[in-house]
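To start, the structure under review is shown below, and the notes come after it.
What follows draws every value from the coordinates through simple rules; no lab data is involved. Just so it is clear, the model here is predicted, and its values are computed rather than measured. Methodologically, a virtual Cβ is constructed for each residue, glycine included, from the backbone with ideal geometry; neighbour enumeration extends over all protein chains shown.
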Amino acid sequence: MSFSYDAKKEMIGSVNKPCCAFAQSYGFLLFGRSFGYGGVSLMTDKKEIADAYADAVRLAAGLEPSVSCSDAGRYTVCLPDANDRRTLLRAFGYEGNELSVRLNHANLRDDCCRAAFIRGAFLACGSVTDPQKEYHLELSVSSMRLTGDFIKLFDAYDGSDPELGFSLIPNRSQRSGMNVIYFNDSTSVEDFLSLVGAQNASMTVMNTKMLKEHRNNVNRRLNFETANIGRSSFASEPQIKAIEKIRRKGGMDALPPDLRRLAEIRADEPALSLRELGEMMDPPLSRTAVNYRLKKIIRFAESL
Ligand SMILES: [Zn+2]
């Protein structure tokens, strides 16, 4: 099962007020494969989506659509009878002879119906990518004017209403002759799913984001530490060479005890930072004090 399909099933199951149920049906039908006198239809390879579309036809106009399934498992739901199509269009306030159908706001009776309408549209032509892969939710619409009408609905979510607690600003592009309305940041994908009643899908996006961020933080810290070890080893190279020289020349005993101890620790632990070296001394030494003593060791080696 895909993430998108699970999200749609969740939307289908969400309960509507009667006014919103009508608006959801309108969105579902308007953004289906075709919606006009020439044809009212949807094609899908998911039975639940086909059934929900058929329900939308029944709810809107009390008509019984034809549902068929191809050998390849593709469902077609449509109204084969022209009179039925005209009846359905009239239920949504159209004459039935429009050349290009625009959004009829009279079908969104109340503010609450807007989200239901958007849910219907998403069921018809939307998809959302598994958040493990990327954050992307889109609706693909053939009519350019309808795309514009749909995007205008999001003016209500432009962030100017602080009561709302979220904002949704859709992006728009074109792909293979289709108009694509999309959101590609995790917060918008979360908010869209939550707006249209897919709370579980929205939570999944949020949890995935938190897990990813946690993983990134751990990786960033590991990288930082690895880089530091690399830097320390490089920085300790002249010290190690000096200590090796002192040992070779039998000069260790000539070093004062605290310097000898420091030289021994440094030779064993080339990756330690100055601060860490200082902590291993007894009594502990500051970073500056360690640095000062290491320089003394190097000078001592040079004098041999
Ligand atoms: Zn409503």
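How high is the FRET efficiency from LEU222 to MET144, r the C-beta distance, R0 51 Å, rounded to 0.05?
Numbers: r = 49 Å, r/R0 = 0.96.
Calculated value: 0.55.
Could you pull out every one of the lysines with an alpha carbon less than 27 Å from that of LYS296, ignoring same-chain neighbours closer than 8 positions?
Once the sequence-local lysines are set aside, what remains near LYS296 is LYS241, LYS245, LYS249.
State, to one decimal in nm, how far the label point of THR187 lies from the label point of GLU213, with both points 7 Å from Cα in the Cβ direction.
Reported label-point gap for THR187 and GLU213 is 1.0 nm.
Which order results if ARG266, ARG86 are arranged by neighbouring Cβ count within 10 Å, fewest first?
Details: ARG266 22, ARG86 18.
The most exposed by this proxy come first: ARG86, ARG266.
By how many nm would the segment from ASP81 to ILE169 lengthen if fully extended, with 0.36 nm per residue of separation less the alpha-carbon distance?
Values: separation 88, 0.36 × 88 = 31.68 nm, distance 3.95 nm.
The span from ASP81 to ILE169 would gain 27.7 nm if fully extended.
Give me the count of lysine pairs in the range 3-197 whose alpha carbons sit under 12 angstrom apart, restricted to pairs 8 or more positions apart or on different chains. Don't jump to the answer; show the numbers that get you there.
Numbers: LYS8/LYS46; LYS8/LYS47; LYS9/LYS46; LYS9/LYS47.
Final tally of qualifying lysine pairs is 4.
What's the local net charge at TYR94, with K and R +1, D and E -1, over the other residues with C-beta under 13 Å away?
On the way: positive: ARG85, ARG86, ARG90, ARG102; negative: GLU95, GLU98.
That works out to +2.
In debye to the nearest 20, how big a dipole does the chain give about its Cα centre with +1 on each Lys and Arg Cβ and -1 on each Asp and Glu Cβ? Can you show the working numbers first?
Details: 40 positive and 38 negative charges, 291 e Å.
Roughly 1400 debye, rounded to the nearest 20.
Is the range 1-120 rounded, prolate or oblate when judged by the Cα gyration tensor, a ≥ b ≥ c being the square roots of its eigenvalues, rounded requiring a/c under 1.5 and prolate requiring a/b larger than b/c? Kindly include the intermediate steps, with their values, before the conclusion.
Working: a/c = 1.92, a/b = 1.09, b/c = 1.76.
The shape class here is oblate.
If Lys and Arg each add +1 and Asp and Glu each add -1, what is the summed charge of the other residues whose beta carbon sits under 10 Å from the beta carbon of PHE183?
-4
Local charge sum around VAL218 (other residues, Cβ-Cβ under 13 Å, Lys/Arg +1, Asp/Glu -1)? Don't jump to the answer; show the numbers that get you there.
Working: positive: LYS212, ARG215, ARG220, ARG221; negative: GLU213, GLU225.
Cβ neighbours under 13 Å give a net charge of +2.
What shape does the range 35-178 have by the C-alpha gyration tensor, where a ≥ b ≥ c are the square roots of the eigenvalues, rounded means a/c under 1.5, and otherwise prolate means a/b greater than b/c and oblate the rest?
Oblate, because a/c is 1.5 or more while a/b does not exceed b/c.
How do LYS133, LYS245 rank when sorted from fewest to most other Cβ atoms within 10 Å of their own Cβ? Working shown, then result.
Values: LYS133 9, LYS245 15.
Exposure proxy ranking, most exposed first: LYS133, LYS245.
If you filter the range 142-244 for GluC sites (Glu not before Pro), then keep DSSP loop positions with at most 11 other Cβ within 10 Å, what is left?
Values: sites: GLU163, GLU190, GLU213, GLU225, GLU244; in loops: GLU163.
Of the GluC sites (Glu not before Pro), the ones in loops of the range 142-244 whose Cβ has at most 11 other Cβ atoms within 10 Å are GLU163.
Which shape class, rounded, prolate or oblate, goes with the chain when its Cα gyration tensor gives a ≥ b ≥ c as root eigenvalues, a/c under 1.5 marks rounded, and past that a/b bigger than b/c marks prolate?
In terms of gyration-tensor shape, prolate.
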